[in-house]
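Reviewing the structure listed below.
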């Protein structure tokens, strides 16, 4: 892939175009779940849990299996850097290193130190069930040093920590219900007795608390099993510990049937975002999940508009990179399908299948830089042969190219000269003009 450095200011946001695209799922190199997103030092840092397949002697077959944590960072929600493992169950003094239960974490900064909170099963002599530990670093990417003991007084999962505008730190966790307490200034000890948070549905599992503040309102977001699988909900309060009043559904239960969801909410360069997960890379086993992100918006009265999950995700894709149109913004009701390129290696991604003339997919927010594009490359194959039509979308939309895809069973990069496309943001549509069946991996501009 080509690398280049160009800055683009769009709607108050600055994006650095690079070799990755901001598409869902965000991470295509490993399973990730339970994302805690934070803004540190002008970048977004992502602290997810790390699903791995269970193997004999390593986790419980058919269940969640997690032994460590990675941290990822991005300056623009487009490029993601994996900073590697920051905590492992074998390196924490108090954890059971055979449990494989390092579930949803969180991280926060205070006075130049970064505090990473994580739940894990305690080994014999450290209590029963889940406890919450802390690791400390001088940088958001580590190295993190785990404390020798977990936080006393917390028995549960899914820690979330927030610092109120007055400087008071609060920690939240789940244990069937949602709980909270104040933290001491050292961020390692409770400063108050835990309280059960009020104002949530009485029935159904609630977990994964994540609090954020906006314009004096405290929003508590959480997954809730209202029916058979988790959906995301939220409640509002004037106080960090409530009482809360129910706000509504933040995101419906996943159409994929993924049993869990887990969320965080951030504001980054004047836009709010919801981070969550689904089972994109493991559709037949929802204990191996993948992190996503979509934009979040508020109503005038402070309530949150329901977030509709997308494949396109957020951010801007550079025209010179591989544009994965299978992560589409929209598509025709008939004649298109999405399939894995290789079912034995799902991390290699997906393809778009066109099998009916006039079928189309649309991909939004592609940036064409100052150097004008003169050619288009489509990585495609077709057992029947066919012609693809590429066009810009909008009031000034026009045909960019008609690209014949030759008959053949192998993937081939088909190159086509085009008239120069003006610089700026464009939405593109790829349409099957004629032919029986055409499969597309990606498109790119040179």
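Per-structure values
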| quantity | calculated |
| --- | --- |
| Matching residues, the range 336-368, being assigned to a loop (DSSP other than H, G, I, E, B) and either surrounded by 17 or more Cβ atoms within 10 Å (Cβ to Cβ) or free of Cβ contacts under 8 Å to residues at least 40 places away in the same chain (or both) | 342, 343, 344, 345, 349, 355, 359 |
| Some residue of the range 229-250 being out of contact with any strand residue (DSSP E or B) (no Cβ under 8 Å at 6 or more places or on another chain) and either on the phi > 0 side of the Ramachandran plot or crowded, with 20+ Cβ neighbours inside 10 Å (or both) | no |
| So residue 315, is it under 18 Å from residue 232 (Cβ atoms), touching a residue at least 12 places away in the same chain (Cβ under 8 Å), in contact with a strand residue (DSSP E or B) (Cβ under 9 Å, 6 or more places away or on another chain) and assigned to a loop (DSSP other than H, G, I, E, B) | no |
| Close pairs (8 angstrom Cβ cut-off, 6 or more residues apart or separate chains): under 18 Å from residue 331 (Cβ atoms) in the range 375-399, modelled with pLDDT of 95 or more and in a loop (DSSP other than H, G, I, E, B) anywhere | 386/437 |
| Hits in the range 413-424 - residues which are surrounded by 16 or more Cβ atoms within 10 Å (Cβ to Cβ) and part of a strand (DSSP E or B) | 414 |
| Qualifying residue in the range 158-179 (condition: surrounded by 20 or more Cβ atoms within 10 Å (Cβ to Cβ), more than 27 Å from the chain's Cα centre (by Cα) and in contact (Cβ under 8 Å) with a residue 24 or more places away in the chain) | no |
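The values are calculated or read from the model by the stated rules, or taken from the named source; none is laboratory data. Remember, predicted model here, so these are calculated numbers, not experimental data. Backbone-built Cβ (ideal geometry, glycine too); neighbour counts: all protein chains shown.
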